[in-house]
Structures are given as structure tokens and as C-alpha cells.
Amino acid sequence: MPAHRLSGFIHNNMEPILQAWEDFARTIEPPALTMDDTELRDHARQMLHAISTDLAVPQSEQERCAKSRGLGKRGVDDTAAETHAEARLLSGYTVVQLVSEYRALRSSVLTLWVAALAGEAPSTHMEDVTRFNEAIDQALAESVARYELMVKQTQNMFLAILGHDLRNPLGTVVTGSSFLMQALDIPPKYVLVATRMFNSARRMSKLINDLLDFTRTHLGPGIPIRVRQGSLVAVCEEVVNELRTSHPEQLIELTTAPQLDAIFDEGRIAQVLSNLIGNAIQYGSLETPVRVNMRASGADVIIDVNNHGTPVAPEKLAAVFDPMVRIAADAHAADGDPAVSSSNYIERTSLGIGLYISRQIVQAHGGTISLVSTEAEGTTFTVTMPRLPKGFGDAGIAASQQ
């Protein structure tokens, strides 16, 4: 390859370029924790060889455009840029520091090349600069994408392990406090303390279960469901009665058909109902009842949960089912944002993932969940799901169409 072209220059001046990049890497704070100079040079050398080879290969305008957007063609194996990103993550680099390395690489190559040209600037050189920038953009996009993927996987794995490991000690607290609540030979004040411990542990258990469900949606194919034929009416009545007991101050009205069977995961649908009705209680007005309506509509079942209270602002409707939005909303509320603190319809006493998990469960059943909120009609969550999920053939549901 001609030395006066950028591809040849990179190939013939690998060591000066590597040294310039290495000198820059040493200026990053905090310094790399595990990567030594040899590893850094190996990754850099691989990327520079790939870039140099790429510059020497003709390409179409469409290929150049795709590469400038980080969408260039690639093989099945990891690229040098992706390998470098993983190594940098393990070395303690932030994504900002990773990006700065590519900025330094771009600068060092072009600065050294311009100095070597001694004032020459033919059109082929300008084309080489453009091609080089496109190749750097492609490598940068690959590195950042891999870095982000690794970070997410690590975070989700940590959450999954944490949630799993907390279950056993929490189960001990639940069992022990339940035993004390039933004791007849201890003072009432201790029974009261045990009751509070039991209720707190149950709330913690729900948070942990939500956390595990959240990580399942990110680490695997989604929330697992185990379906069988059952009575939706019975499940709904059980959830409503439990919430009536725990919230005696709130009137909950339930309207259902006498019989409404389907093939579904009873525990998961009960979780959805508990989340939706619990939200309605929390954000509704005590002066008006929370209304739960379950009905059949052709091959589907429709469940509405309605409450009257402060409606959801129209610009916030799309974000209600997003995970973790409650945390961001609370941060704004703490800063004195009245719009957030007064109208944000997100769980204030949870991780902010209950509605997100509810949507995942409904989608796993082949259904949808939506929200409508107005001052006149109140806030209504609507779950629509098939009574007979796909894959069950025509074997039936022995249920009435009422």
C-alpha cells in the first residue's frame, strides 16, 4: 500500500501512533486498574490494522454513509473495538474516558500524518481523512455499544443475585414474626412489634419479587408464566377481598360476570390486579370508590380498574409504564417541581417498577394494558388479553361468554 496514502502511513508508522495513544492513556484519571501497556498496545494495534486495511479497500457511497453512522458491515466475531471496550470496562474506565481515547487516536494519527505530508494536500488525501473518520466512528460506535451492554448485564446480574440472596434471611423474619404473632404467652406489646415486623417483611418481600421480575425481563426472554385453565372471577374476588381487608377506609366496587374462565397464570394475573388496584387506592380519592370491572368481549377478557383523583398529566401518560421513572420523578419533586409532585401517577412506596412488571405479565399472556386519565372520568387502567393464548389450539375453555 502506498506510503503517502493514509492507509500506508498507519501501517508504516504503527509504533509512533501507538506511543502517542499510550502517552494519552497515561493522562486519564483514574488510571487503568488492570490493563498494562502491552494489552493496550495489542488492542490499539488490532484496531489500527483493521482501519488501515479498511482504508485500502474501495467502498461505495452507501457503505461510507453507513459506517459514519456506526452501521458498517461486520463479521460474526467480536471486533477489536468491542474487545477493547470490554477490557476498558474491567480496567475501571468510564464511557467518557473510553470515548476520549478514540478522540486522542483520531488526533494523533491525523497530526502525525499531516506533519509527514510536508504541506501536500491532494484530493486523495482529503478522501483518506474522510474514510479514516468514518472508520473511527464505526469503531467508536462498536466500543460504546459493547460497553453499555456489559454495564447493563453486570447491573442486572447484581440485582438478580442481591434479590435472590435476600430471600432466605427475609423468609426467616417472616416465619419468626408470624410465630410470635400467634403466641399466647407473651405481652401484647411484643405481639404488636411482631405484627409490624411481619407487615414490613411482607412489603420487603414484594419489593424483592418485583426486583427479580425486573431483572428477568432484562436478562432473559421475559417474565415466565405457567398457564392453566382457571376462574378469573375467583382470582379477582380474592385480590379485591385482600385489599378490602388491608384498606378498610377505601370502598372497592367489583363487577364481574358470574363465570369467566380462561387459560392464564393465576399468580401472575393476581399480581397485576394487586398492582393496579393498589395504585388506584393510593392515588384515588376516599370520597369515591375504586371500581373494578371484569367482562368478556368475544375471545378476550377486559379488566378495567378506575379511580377518581388527580389525573395523570397528558405528557406523562406514555412514561407511566416505564421502569424506574418514579425515582426520577421523586428527584424532581425534591427540587420543588410541583408539576411532578402533584400529578405523577407512579408508585411512591415501591421501586417504581410495579406498572412496568404488570405490562410485562400482560404481554406474556398475549395481551395489552393501557391508561386513560381525565378529570371527568378519572384514571382507568384497561387490561385486554385473550382467554385462550396462542399455541393452545382449539381445545376449549369451558367458560360462559357472559
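The set of residues in segment 248-284 that are surrounded by fewer than 20 Cβ atoms within 10 Å (Cβ to Cβ), in a helix (DSSP H, G or I) and among the hydroxyl-bearing types (Ser, Thr, Tyr) contains only 274. Looking at residue 243, is it part of a helix (DSSP H, G or I) and either at pLDDT 90 or above or not assigned by TED's automatic domain parsing to the domain that holds residue 374 (or both)? So residue 243 does not fit the description; no.
Here are 290, 233: which of them is touching a Gly at 6+ places or on another chain (Cβ under 6 Å) and surrounded by 17 or more Cβ atoms within 10 Å (Cβ to Cβ)? Of the residues listed, the single one that is touching a Gly at 6+ places or on another chain (Cβ under 6 Å) and surrounded by 17 or more Cβ atoms within 10 Å (Cβ to Cβ) is 290. For segment 1-43, which residues satisfy the criterion of being in a loop (DSSP other than H, G, I, E, B), modelled with pLDDT under 70 and surrounded by 16 or more Cβ atoms within 10 Å (Cβ to Cβ)? Of everything in segment 1-43, those that are in a loop (DSSP other than H, G, I, E, B), modelled with pLDDT under 70 and surrounded by 16 or more Cβ atoms within 10 Å (Cβ to Cβ) turn out to be 28, 32, 35.
Table: residues versus (1) surrounded by 13 or more Cβ atoms within 10 Å (Cβ to Cβ); (2) modelled with pLDDT under 80.
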| residue | (1), (2) |
| --- | --- |
| 98 | yes, yes |
| 111 | no, no |
| 117 | yes, yes |
| 123 | no, yes |
| 139 | yes, no |
| 143 | yes, no |
| 152 | no, yes |
| 157 | yes, yes |
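The values are calculated or read from the model by the stated rules, or taken from the named source; none is laboratory data. The structure displayed is predicted, hence computed values, not measured ones. Using ideal geometry, Cβ is built from the backbone for each residue, glycine included, and neighbour counts are taken over all protein chains shown.
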